[in-house]
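Bear in mind these aren't lab numbers, they're just calculated from the coordinates by the rules spelled out. Model, not experiment: these values are computed from the prediction. Counting neighbours? That spans all protein chains shown, and the Cβs are built from the backbone with ideal geometry, glycine included.
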């Protein structure tokens, strides 16, 4: 019970967190995508497709390429890959803080950095496909 | 022992104390005399009992209303035992204070056009009560507390229990307080001190008051020779919940709620408050909108006649709101619904609320002049602890929330004025008094007392107050109560606490509060016994004393402390310069009277 | 008015039974460690936890310390942990508990003694957000000689009214793991109070408050656990206020960005 | 009053969330992003495969059909639905929608969001449900 008594030495800090609104906005947008779009995406692509429940040719190599390597495909990747990645990064960062793993400044860089890298990769793949 | 110097020390962090602090700070700023203000409270300020006020705050607001009307209502409501000059000042400053609260952010309920809304209240001629749903005191207190945070000159001492005033040669020089968290004594030297410690409802067993309402400030001033005035007038609020005494606001009736006995009959028409007003059409000063003393007395009469119902062990009548409709009830009286559901499992939308009178307010208190100063130079009092002369023999609902603003500010300004012209007293004078306090505490904690239990004494006190000084009183009952108080005071001298810890020793605080309580309870009983008439909240059943007696008793009672000896009573003239005493009448009977 | 007999439940309160309450005691001047103490008492359907504590204080053990005052859930004094959940003692009824009842001081605050915690940090956080009406250039300054109110329609009032109902009991801080993880986090009640004033049509202090809110220890420490709103005895929904504060802080940042 | 020297407790221990059901549910909600990340990585791999040609695309579909991957993606589906259930109720509290001075009931906003989920599923059905 006497473990308390860590006296707060540093005065009030007024350091503005101007980056947080960005992360939070991406988190929120990603959360919406995760909730509204992802159930259908997972159902059709990760479950129906491999189980062969989709009509033949629904996602044949040609059809899939046409669908993905296009402007709508670009937007699709933004909504089901990039934004959810930032959503995940945000929650992982806070989750790590919740269970006292690492330190927040480093975790932030790692998580959002990874999300950004993978997002660039994903969108890059679409662009590469379109230019092919 | 910590020692600090302040220009002004305010004891009590409720509505009056906070308003005084802000008033003093503003006054000092305006007069370019920077002042340090200490605000001491035995609880965090937002826990103060102002928080529990529900109904509203009165001020002349509409064009049809007039200062004269508010004055007349207050004077006759107080059965002419009021200081009329004070009432005059009050009604003329009420509105500006409520507007000031609005400018500080108080969320007053509104009309569709954005103007502040008013509601009806008992004993008031027209609707003039500002409200914030049914949590007016809560919103006012939090607004004041939050506003006080703007002022760096106000230094708060939260959970500091004031043990005594330091007085030297007829002038106050500071206070001695106990820091509850550590048990350390703190000396605060001051040029002016304001007492804003609230009432003493906890002298009675069944009351609407918070546990902290123990009359501390009254006792402190009283022990230094300031008169307690009109202490026999204790208001019973007609509508408390059975069992707990939790307050069900008068606003319920202001909004159109009705009172029924067990036969479903609106019994108030039998007590000079009729004729019956139509359902959902409340009329000021009629029926349920009569003053609190009359309504509580009517309950007692119904109880004697066997026309009250039962709820648990309590005799009750019923407050019926159902005809107001769910939407209206939830908009205007949400807190009442929450309280009734939580504490007696009754939904006011669907059922009448069983209620009974409970002790609510101490009309009397520390005697002050119209500028809030007591007979000790530099010592001011405001709010329920004070008797500035506003309420007389019966307070009108919604006058007290306004009172703590009007007189809180006035006391703050007066104290600031005095502080600008006064020097601190020699510290050694305070230290001497602090040593006395140290000795008193030591006696309570490890003295050789016979081990009288504070619990037993407290229960004996509240029982005696209730049985002898209730809604109706008899010579015999009051005499017995007074005797009891004197015996209890003797027994108190031998009291001892079990808990000797210095840290947050609430048992010690209870004991000290009990000591305060016994002193003022004696004053209250003495005033009651000696007032051989019936007036306002003081109603006697004794032969020949059932009527008001202006010849002998148009006078304030003043009780003076005499140490261990019995207290002494004197009589003081009342200021009746504007309105001669007249018949106090409500309902149709009041129609012919003064406008 | 008809003269029918009033039929209201005449309550069968007196289901008296014996209950055990365990209280976590901590008496720093006699022992460095906290310990559990059990009390036994008769209770009925109307007995609140506060009634029980008062019974202990007066009849069983006068050394037990706790805070209380209004006993009607408006002063905010009597918050304690009841079986691990923050509650107001006066609004908690023993009839709702089967078996053991374990009472502890509020979590996440330093314990001073028994059930009394040090609330200073809470008060500091409240004061930090400038919780008062700020109107630096009011159209009409307050004039005591011709006092005038602001205009505010019931709709404008309704926007913030719920958030003005906070009684500062501190239960939400005990429910908030983010405050437990980092006491510098301003926390639910303080952020709610800031939001209450930001939403008030009479106020113009949002920009000043935003410098407090838009900090890591401001709104951004909240992860919408939401337990604060669950335990709030006045249904203030602090979680909603804090997260609406995030939207405001985001807007604030955007504006700051454009203004450079 | 100046009291910036008030006491601070040390932070909670890392197992704090195991002590209450509410906090366990919170952690579960936060953990929904783990299967999400897995699925996203799968999707990324699929995009690489698609770029590489028809054979790798077929290989990717086969990979997606392996029991463990399938199981993890079923978990991701459940996670997305659980996430949706927890996320939708937050929306009206974060952004209360007001129309003509009256706030829209929370239930309507939540229902609207579920309607969105169904609409997206129908869109996919329209797109992929036929050859």
- Task: Go over the candidates B:255, B:276 one by one and state the one that is within 12 Å of another protein chain (Cβ to nearest Cβ) and touching a helix residue (DSSP H, G or I) at 6+ places or on another chain (Cβ under 6 Å).
- Result: B:276
- Task: Give the residues of the stretch B:254-289 that are within 24 Å of the chain's Cα centre (by Cα), outside any helix (DSSP H, G or I) and within 24 Å of residue B:351 (Cβ to Cβ), sorted by residue number.
- Result: B:255
- Message: Need the failing condition index for residue B:240 against (1) more than 30 Å from residue C:91 (Cα to Cα); (2) in contact (Cβ under 8 Å) with a residue 24 or more places away in the chain, just the number.
- Response: (1)
- Residue hits (the stretch B:334-367; farther than 21 Å from residue B:138 by Cβ, part of a loop (DSSP other than H, G, I, E, B) and in contact (Cβ under 8 Å) with a residue 24 or more places away in the chain) are B:349, B:350, B:351, B:352, B:363, B:364
- Message: Is it the case, given these coordinates, that residue C:171 is within 14 Å of chain D (Cβ to nearest Cβ), more than 21 Å from residue C:78 (Cα to Cα) and touching a strand residue (DSSP E or B) at 6+ places or on another chain (Cβ under 9 Å)?
- Response: no
- Query: When you scan the stretch D:84-113, how many residues do you find that are part of a strand (DSSP E or B), loosely packed, with under 14 Cβ neighbours inside 10 Å and in contact with a helix residue (DSSP H, G or I) (Cβ under 9 Å, 6 or more places away or on another chain)?
  - Reply: 2
- Here are some residues: A:26, A:38. Which one is under 15 Å from the mean Cα position of the chain (by Cα), facing chain D (nearest Cβ under 7 Å) and touching a residue at least 40 places away in the same chain (Cβ under 8 Å)? A:38
- Message: Taking the conditions exactly as written (surrounded by fewer than 16 Cβ atoms within 10 Å (Cβ to Cβ) and in a loop (DSSP other than H, G, I, E, B)), does residue B:456 satisfy them or not?
- Response: no
- Task: Determine if the stretch C:130-142 includes at least one residue that is more than 10 Å from chain B (Cβ to nearest Cβ), assigned to a loop (DSSP other than H, G, I, E, B), without any contact (Cβ under 8 Å) to a residue 24 or more places away in the chain and closer than 24 Å to residue B:140 by Cα.
- Result: yes
- Can you tell me which residues in the stretch C:24-48 are touching a helix residue (DSSP H, G or I) at 6+ places or on another chain (Cβ under 9 Å), within 14 Å of another protein chain (Cβ to nearest Cβ) and part of a strand (DSSP E or B)? C:43, C:48
- Note on the structure: Scanning the stretch A:61-93 residue by residue, those surrounded by 15 or more Cβ atoms within 10 Å (Cβ to Cβ) and over 14 Å from the mean Cα position of the chain (by Cα) turn out to be A:61, A:64, A:65, A:67, A:68, A:69, A:73, A:74
- Message: Which numbered condition in (1) farther than 30 Å from residue B:62 by Cα; (2) touching a helix residue (DSSP H, G or I) at 6+ places or on another chain (Cβ under 7 Å); (3) not in a loop (DSSP other than H, G, I, E, B) is the only one that residue C:164 fails?
- Response: (1)
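Residues checked against (1) in contact (Cβ under 8 Å) with a residue 60 or more places away in the chain; (2) in a helix (DSSP H, G or I); (3) touching a strand residue (DSSP E or B) at 6+ places or on another chain (Cβ under 6 Å); (4) at the interface with another protein chain (Cβ under 7 Å from one of its Cβ atoms):
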{"position": "A:77", "(1), (2), (3), (4)": "no, yes, no, no"}
{"position": "A:81", "(1), (2), (3), (4)": "no, yes, no, yes"}
{"position": "A:85", "(1), (2), (3), (4)": "no, yes, no, yes"}
{"position": "A:94", "(1), (2), (3), (4)": "no, yes, no, yes"}
{"position": "A:112", "(1), (2), (3), (4)": "yes, yes, no, no"}
{"position": "A:119", "(1), (2), (3), (4)": "no, yes, no, no"}
{"position": "A:125", "(1), (2), (3), (4)": "no, yes, no, yes"}
{"position": "A:129", "(1), (2), (3), (4)": "yes, yes, no, yes"}
- Message: I want to confirm something. Restricting to the stretch C:118-129 and keeping residues that are facing chain B (nearest Cβ under 10 Å) and touching a strand residue (DSSP E or B) at 6+ places or on another chain (Cβ under 8 Å), which single residue is farthest from residue C:64 (Cα to Cα)?
- Response: C:123
- Task: Spot the failing condition for residue B:377; the list is (1) within 14 Å of another protein chain (Cβ to nearest Cβ); (2) farther than 20 Å from residue B:119 by Cβ; (3) touching a helix residue (DSSP H, G or I) at 6+ places or on another chain (Cβ under 9 Å), and only one is missed.
- Result: (1)
